[in-house]
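As structure tokens, the structure follows; a few thoughts come after it.
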Amino acid sequence: MPPSRACRVVLSVCALLCTAVLCLAGCGYRVVGRSDNLPAGIHTIAVPAFVNTTTTYRIEQRLTDAVVHELLARTKYHVVARPEAGDAVLRGNVVSITSNPVIFDAATGRATTVLVTVTLAVSLEDRATGNVLYRNDKLIFREPYEISTDIPSFFEEEGPAFDRLARDFASRVVATLLENF
């Protein structure tokens with residue numbers, strides 16, 4: 001015997017409600033880059049200028065600026081320069097920079113692409129408790145840059161390569177602080 005019209009309506013409503021509940025419940029996924037696992041008491045992050053122990057001029061300024069920009073763009077935290085003004089302090093140290101040729105011109109034997117490798121130490125400290133919230137003394141970032149073999153059209157690529165490396169570094173550090181805490 002076929003179900004009555006009232007029974008079909010009730011079954012349809014139940015099916016619709018079950019579907020809605022399943023859709024609203026989701027499956028546990030979330031958008032990457034939107035998590036925030038820092039302690040609740042942290043509202044301001046101080047990012048003093050990084051320390052540069054290398055001979056590369058102003059690399060610490062590029063890295064510090066990139067981190068500040070990334071924190072402002074991706075988080076709700078207020079960012080300041082003075083450590084005493086922050087709830088947490090993010091410190092960085094440029095430990096080493098090396099350049100190695102990786103591609104050579106077959107005709108002349110001269111390097112046409114150089115790989116720049118920067119090693120950094122980074123730590124985040126909660127000022128109130130003195131606890132180290134994050135620390136990595138071996139952050140390594142690499143960026144290739146080309147060396148023109150045509151002298152009249154030569155364009156110095158080292159600066160833009162350092163800028164790309166700084167943005168990559170900042171993006172990874174901020175993601176690590178927020179998501180992999």
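The values are calculated or read from the model by the stated rules, or taken from the named source; none is laboratory data. Since the structure is predicted, the reported quantities are computational estimates derived from the model, not experimental observations. So basically every Cβ, Gly included, is an ideal-geometry build from the backbone, and we count neighbours across all protein chains shown. Note: accessible area is taken over every heavy atom of the protein model, side chains too, but ligands, DNA and RNA are not part of it. Shrake-Rupley method; radii C 1.70, N 1.55, O 1.52, S 1.80 Å.
Worth a mention:
- Accessible surface for the stretch 39-181, divided over its residues, is 54 Å² per residue with a 1.4 Å probe.
- Accessible-area order (highest first, 1.4 angstrom probe) of the listed residues 84, 60: 84, 60
- Here each label is just a point 7 Å from Cα along the line to Cβ, and for residue 132 and residue 57 those points are 3.4 nm apart.
- Neighbour cut-off at most 15 other Cβ (10 Å), DSSP loop, trypsin sites (Lys or Arg not before Pro), the stretch 64-101: 76
- Cα-based shape type of the stretch 71-132, given that a ≥ b ≥ c are square roots of the gyration tensor eigenvalues and the cut on a/c is 1.5: prolate
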